[in-house]
Amino acid sequence: MSDIKNYIEENKDRFLDELFDLIRIPSISADPTHIDDMHKTAEAIKKSLIDAGVDKAEICETPTIPVVYAEKIIDEKLPTVLIYGHYDVQPVDPISLWDTDPFEPVIKKTELHPEGAIFGRGSSDDKGQVYMHVKAFEYMVKSNTLPCNVKFMIEGEEEIGSTSLGWYVERNKEKLKNDIILISDTGMISNSQPSITTSLRGIAHVEVEVTGPSRDLHSGLFGGAVANPITVLNKILSKLHNDNNEVTIPGFYNGIKKYTEAERAEIAKAPFVEEDYKKALNIDAVDGEAGYSTIERATIRPTLDVNGIWGGYTGEGSKTIIPSKANAKISMRLVPGQDPAEMTEALSKYLNSLAPDSVKIEVKGNRGGYAYVTPTNNNGYLAASKALKETFGIDSIPTGSGGSIPIVALFEKELGSKSILIGLGLESDAIHSPNEHFGVFNYLKGIETIPYFYKYYVELEK
Ligand code: BES
Ligand code: MN
Ligand code: MN
């Protein structure tokens, strides 16, 4: 295993070139016009797994976007690690804010990445992190050090809520059977402080449409006498939080875990400098639920955000109308104890109750996902922390994350397996934002760390 470093040194240009080719395919799952790119990316992932040494790789069609499945079974009696990741990426707009083409990756140096970072959509979320696993696997096969069975399941619609993944998992329980799931689709504290993500928030989202008159009206002839849907929507949205920034949906906080002072003290130990946080985001003050720290607000507390709002005339010059419609997209981040379907229903009811008779309101709920907590005392977690210790030279720390990977809770429910989240990304990677990037250091460190995870996991399972 000690020659993994040499292997990386000898092959790193190729590792970068191959990842660049993957990033060049614009696999935007949210945009149906990219469906051919989704298939192309699935093919590219499949080919990379075959080249790396799997026994079997297949593209599994689903009602929507295909899943790539591959495996190498060396001995049925040995443990099986399932690698999950996603090959789809977020849309790129606003494109004008990108310094370089999102699908023409380049390496540029930054303050946090003096050795360079790969700029491109999907570099960190999640193509770069998926590819770390492919290359780590390639090394283990080539060096004859693969200590157990491996399965890969790389999906293409994580960014739109894993639409067909539940469908796929339900139908392939036997095939996906495993002892532990390993996922790199999160981040760590910094390049000098490795961490393992121990919790993810759940998610529920809705779209709301407020309709007033059946057509846009002259605001001089009708203004003042007819409800303006944009004004009404704004009033409704402004009632979703109170002055303490608590969410006002009835029952929102029912049944969620209360943290003890000791647990909160543990959370407060994580290295976090509020001044740096504000500086990185270019904000003068943080904001959130009264009585909680910034880390708590962003990880263990449930939240509600308006993600987008539109309506009326937004073109050049002025157009004096009362618009017929106003719309918004709203998402909630959930914690253990909250059910996504119940929360969607509660929000929908509440929005309806806030709408005056002068408008019609329609709320559509989308699929959501449950929150997830990983235990820190199982062999998967222990193996991950030993692996990070080996390659970073210092102890990693457990951290909660505010993001969501809805499939993780579903894996536990359907397959009964725990997921270990070793993400090599950084919060500064600008995932989902313009100029997304992934440190070359992070990419190569991931490739170096993963084989140790396998090694220690299999040793611990013996
Ligand atoms: N990889 C992210 C989630 C993530 C990032 C978790 C960093 C923790 C740290 C994932 O691709 C993502 O963006 N998930 C969506 C889920 C949604 C579309 C259902 C999210 O969190 O918004
Ligand atoms: Mn992701
Ligand atoms: Mn994402």
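Of all residues in the range 78-95, those satisfying the criterion of being within 16 Å of ligand 2 (Cβ to nearest atom) and under 16 Å from residue 169 (Cβ atoms) are 83, 84, 85, 86.
Scanning for something open to solvent by less than 20 Å² (accessible area, probe 1.4 Å), within 16 Å of ligand 1 (Cβ to nearest atom), in the same structural domain as residue 11 (by TED's automatic domain parsing) and closer than 30 Å to residue 93 by Cβ, does the range 410-419 turn up at least one residue? No, because not a single residue in the range 410-419 is open to solvent by less than 20 Å² (accessible area, probe 1.4 Å), within 16 Å of ligand 1 (Cβ to nearest atom), in the same structural domain as residue 11 (by TED's automatic domain parsing) and closer than 30 Å to residue 93 by Cβ.
With the checklist (1) within 16 Å of ligand 1 (Cβ to nearest atom); (2) closer than 22 Å to residue 381 by Cα; (3) open to solvent by 50 Å² or more (accessible area, probe 1.4 Å) in hand, flag the one item residue 86 doesn't pass. All conditions pass for residue 86, except number (3).
Is it the case that residue 172 is more than 19 Å from the chain's Cα centre (by Cα) and closer than 30 Å to residue 123 by Cβ?
Answer is yes for this residue.
Of the residues 142, 127, which is modelled with pLDDT of 95 or more and more than 16 Å from ligand 1 (Cβ to nearest atom)?
Exactly one residue qualifies, and that residue is 142.
Somewhere in the range 354-371, is a residue closer than 30 Å to residue 226 by Cβ, assigned by TED's automatic domain parsing to the domain that holds residue 249, of a type in the set (Val, Ile, Thr) and without any contact (Cβ under 8 Å) to a residue 24 or more places away in the chain? No. Regarding residue 375, is this residue over 26 Å from residue 122 (Cβ atoms), in a strand (DSSP E or B) and in the same structural domain as residue 121 (by TED's automatic domain parsing)? Answer is no for this residue. Kindly indicate whether residue 160 is in contact with a Ser or Thr (Cβ under 9 Å, 6 or more places away or on another chain), at pLDDT below 95 and within 16 Å of ligand 3 (Cβ to nearest atom). It is true that residue 160 is in contact with a Ser or Thr (Cβ under 9 Å, 6 or more places away or on another chain), at pLDDT below 95 and within 16 Å of ligand 3 (Cβ to nearest atom).
Residues that are part of a strand (DSSP E or B), within 22 Å of residue 157 (Cα to Cα) and over 13 Å from the mean Cα position of the chain (by Cα) were ranked within the range 420-442; the one that is nearest to ligand 1 (Cβ to nearest atom) is 438. Applying the criterion of being polar (S, T, N, Q), more than 16 Å from ligand 2 (Cβ to nearest atom) and farther than 20 Å from residue 384 by Cβ to the residues of the range 149-196, the residue that is least open to solvent (accessible area, probe 1.4 Å) is 164. Residue pairs whose Cβ atoms lie under 6 Å apart, sitting 6 or more positions apart in sequence or on different chains, and linking a residue in the range 428-439 that is of a type in the set (A, V, I, L, M) to a partner that is within 13 Å of ligand 2 (Cβ to nearest atom), are 430/436; 431/124; 431/125. Comparison of 320, 314, 299 shows that the only residue that is modelled with pLDDT of 95 or more and within 19 Å of residue 399 (Cβ to Cβ) is 299.
Looking at the range 429-448, can you tell me whether even one residue there is more than 16 Å from ligand 3 (Cβ to nearest atom), under 17 Å from residue 383 (Cβ atoms) and surrounded by fewer than 24 Cβ atoms within 10 Å (Cβ to Cβ)? Yes, there is a match, as at least one residue in the range 429-448 is more than 16 Å from ligand 3 (Cβ to nearest atom), under 17 Å from residue 383 (Cβ atoms) and surrounded by fewer than 24 Cβ atoms within 10 Å (Cβ to Cβ).
Would the range 398-405 turn up any residue that is part of a helix (DSSP H, G or I) and within 15 Å of ligand 1 (Cβ to nearest atom)? Within the range 398-405, not a single residue is part of a helix (DSSP H, G or I) and within 15 Å of ligand 1 (Cβ to nearest atom).
Restricting 59, 65, 28 to residues that are modelled with pLDDT of 95 or more, within 16 Å of ligand 1 (Cβ to nearest atom) and touching a Lys or Arg at 6+ places or on another chain (Cβ under 9 Å) narrows the list to 28. Consider residue 385 carefully, then state whether it is over 30 Å from residue 305 (Cα atoms), part of a loop (DSSP other than H, G, I, E, B) and touching a residue at least 24 places away in the same chain (Cβ under 8 Å). Taking the combined requirement at face value, the residue does not satisfy it.
Quick check: is even one residue across the range 114-128 polar (S, T, N, Q) and surrounded by 23 or more Cβ atoms within 10 Å (Cβ to Cβ)? Within the range 114-128, one or more residues are polar (S, T, N, Q) and surrounded by 23 or more Cβ atoms within 10 Å (Cβ to Cβ).
The values are calculated or read from the model by the stated rules, or taken from the named source; none is laboratory data. Computed from a predicted model, the values in this text were never measured in an experiment. With ideal geometry, Cβ positions are generated from the backbone for all residues, glycine too; neighbour counts draw on all protein chains shown. In case anyone asks, the SASA skips ligands and DNA or RNA and just uses the protein heavy atoms, side chains included. Shrake-Rupley method; radii C 1.70, N 1.55, O 1.52, S 1.80 Å.
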